[in-house]
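Structure first, commentary second.
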Amino acid sequence: MIRVLEEERAVNFYTSAFGLTVAERLDFDAFTLVYMRNDEADFELELTINKDRSAAYDLGDGYGHIAFCVDDLDAEHARFVAAGHAPRKIVEFERDGRLLARFFFVQDPDGYQIEVLQKHGRYR
């Protein structure tokens with residue numbers, strides 16, 4: 001679950017960037033819950049929109065984040081650039097002289113950092 005300020009902006013980002021669609025939307029007096037998913041992975045991202053909130057959330061100094069694995073990292077990076085999502089550069093991370101991971105990070109509209117990984121090794 002992540003807290004977002006603007007439902008439409010967040011839903012549009014996660015749809016455009018990761019192909020997630022709204023699985024369910026539950027509206028309450030004080031907040032709205034939006035569950036997003038896709039058919040490729042068995043998980044849901046819950047967006048919480050608190051209706052009385054107008055200031056950005058303090059994301060803290062931790063490095064917790066979500067990650068998505070993709071078949072073609074280079075193509076996805078180019079797609080993110082074309083969509084205006086401003087991804088950071090692709091990084092190759094090695095351990096003991098062997099490729100462990102290829103990835104880039106992108107920031108969502110609320111400031112959360114999201115990792116996009118090439119499917120490889122343990123990253124599926």
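The values are calculated or read from the model by the stated rules, or taken from the named source; none is laboratory data. Please read these numbers as outputs of a predicted model, since none were measured by experiment. Counting neighbours? That spans all protein chains shown, and the Cβs are built from the backbone with ideal geometry, glycine included. When the accessible area is computed, the model is the full protein with side chains, heavy atoms only, and any ligands, DNA or RNA have been set aside. Shrake-Rupley method; radii C 1.70, N 1.55, O 1.52, S 1.80 Å.
Summary table below
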quantity: Cα→Cβ-extended label distance, 7 Å offset, between R88 and N12, nm; calculated: 2.5
quantity: Spread of Cα-to-Cα distances over 10 Å intervals beginning at zero, given as percent, for the stretch 54-124; calculated: 18, 46, 28, 7, 1
quantity: Rounded accessible area of V81 (nearest 10 Å², 1.4 Å probe); calculated: 90
quantity: Student exercise, the chain dipole from Lys, Arg, Asp, Glu Cβ charges, in Debye to nearest 20; calculated: 420
quantity: Per principal axis, descending, Cα span of the stretch 1-111 in whole Å; calculated: 54, 32, 26
quantity: Surface share of carbon and sulfur [accessible, 1.4 angstrom probe, percent] for the chain; calculated: 47
quantity: 1.4 Å probe accessible area per residue over the stretch 1-94, in Å²; calculated: 65
quantity: Positive-end residue of C69, N50, A86, charge dipole of the stretch 39-102 with Cβ unit charges; calculated: A86
quantity: Net charge over other residues, Cβ less than 13 angstrom from the Cβ of Q113 (K, R count +1; D, E count -1); calculated: -3
quantity: Choice from Y63, Y112, Y14 showing the highest fluctuation, given a GNM over the chain with Cα pairs closer than 10 Å; calculated: Y63
quantity: With DNA, RNA and ligands ignored, accessible area of I66 (1.4 Å probe; Å², nearest 10); calculated: 60
quantity: Potential extension, R95-D42 segment - 0.36 nm per residue separation minus Cα distance; calculated: 16.2 nm
